[in-house]
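A short write-up of the structure that comes next.
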Amino acid sequence: MTSDSNRITIEDIRSAKGRDEPLVCLTAYTARVAQILDQYCDLLLVGDSMGMVLYGMEGTRGVTLDMIINHGQAIMRGSKRACVVLDMPFGTYEDDPANALKNAKRLMNETGASAVKLEGGADLAPTIKHIVDAGIPVMAHIGLLPQSVEEPGGFRVQGKTEDTQEQLLQDARAVEQAGAFAMVIEATLDAAADKITQAVSIPTIGIGASPNCDGQILVTEDMLGITGDYVPKFVKQYANMSEIMDDAAKHYAQEVRTRRFPAKDHLYTLSKKAS
Ligand code: KIV
């Protein structure tokens with residue numbers, strides 16, 4: 001594990017509230033990807049979107065604590081600078097604050113990450129408080145909650161009416177009061193995210209929310225264009241890695257089949273001694 005003296009701290013993230021320059025956040029699941037993203041990101045999230053983007057699951061519910069721990073360890077090895085936050089998987093925190101704390105401790109102790117993230121608003125506030133009171137920083141996640149959505153088509157934009165905007169605002173205030181150091185706001189009307197960002201004293205990290213949030217996050221594989229056919233409206237693809245990988249694999253297959261690879265450059269041969 002790397003020395004953590006140069007890592008961005010939870011206090012650094014908290015103090016980015018209202019700053020002109022938004023926080024840059026991405027998900028990361030492998031050490032090499034973390035090493036690349038680390039130079040550019042303030043925060044790396046080991047999210048349960050790994051269920052879909054790495055493991056080919058239909059949703060996030062199949063992700064386990066052990067999966068988050070294994071990938072969390074890889075991200076800590078691969079990064080030196082970014083603040084690393086780990087998702088608490090479905091079924092590990094909702095029912096019982098004591099059980100949530102036990103699982104949050106496991107995540108922290110076995111990875112050395114800086115914080116955990118969990119989904120939910122006012123209903124989860126007592127659990128957030130219980131974990132924070134035990135000394136573990138918590139990032140909240142409100143708006144669209146992927147663990148509550150079983151089908152990709154079931155993803156619905158939140159906060160389209162006055163009432164639901166008010167509910168979101170109450171959720172935001174509840175998680176802030178419970179001691180969360182920041183909150184993800186996912187898939188809401190921009191006006192709803194703006195109201196929340198203005199109302200709370202902790203950073204809001206938007207995904208499909210608003211450019212006025214205190215930070216932005218995307219799933220890295222979405223941003224790289226390496227996920228499947230379903231691309232949410234809020235994703236901007238900064239590369240088309242699927243095409244690049246397709247081309248490379250096609251080229252490799254052609255060269256193997258025609259015995260052009262391996263070529264001389266790739267062989268171990270005994271060098272000729274000068275006579
Ligand atoms: O798991 C994840 O990737 C997330 C992001 C959507 C914020 O929670």
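The values are calculated or read from the model by the stated rules, or taken from the named source; none is laboratory data. A quick note: this is a predicted structure, and the numbers were derived from the prediction, not measured. Quick reminder, even Gly has a Cβ in these numbers, built from the backbone with ideal geometry, and neighbours come from all protein chains shown. What goes into the accessible areas is simple: the full protein's heavy atoms, side chains included, and nothing from ligands, DNA or RNA. Shrake-Rupley method; radii C 1.70, N 1.55, O 1.52, S 1.80 Å.
Structure notes:
- The sole residue among Gly206, Gly225 that is open to solvent by less than 80 Å² (accessible area, probe 1.4 Å), on the phi > 0 side of the Ramachandran plot and either within 15 Å of the ligand (Cβ to nearest atom) or in contact (Cβ under 8 Å) with a residue 12 or more places away in the chain (or both) is Gly225.
- Met139 vs. criteria within 16 Å of the ligand (Cβ to nearest atom) and not β-branched (Val, Ile, Thr): yes
- Here the helices (runs of 4 or more DSSP H) wholly within the stretch 45-131 that include at least 2 residues being surrounded by fewer than 18 Cβ atoms within 10 Å (Cβ to Cβ) are 65-78, 97-111.
- Where a residue in the stretch 102-119 is touching a residue at least 40 places away in the same chain (Cβ under 8 Å) and its partner, wherever it lies, is of a type in the set (Phe, Trp, Tyr) and more than 14 Å from the ligand (Cβ to nearest atom), with Cβ under 8 Å and at least six apart: Ala115/Phe181
- Filtered residues of the stretch 27-48 (kept if in contact with a strand residue (DSSP E or B) (Cβ under 6 Å, 6 or more places away or on another chain) and within 12 Å of the ligand (Cβ to nearest atom)): Thr27, Ala28, Leu43, Leu44, Leu45, Val46, Gly47, Asp48
- Within the stretch 168-192, the set of residues being within 16 Å of the ligand (Cβ to nearest atom) and either within 26 Å of Ala134 (Cα to Cα) or among the small types (Gly, Ala, Ser) (or both) comprises Asp171, Ala172, Val175, Ala180, Phe181, Ala182, Met183, Val184, Ile185, Ala187.
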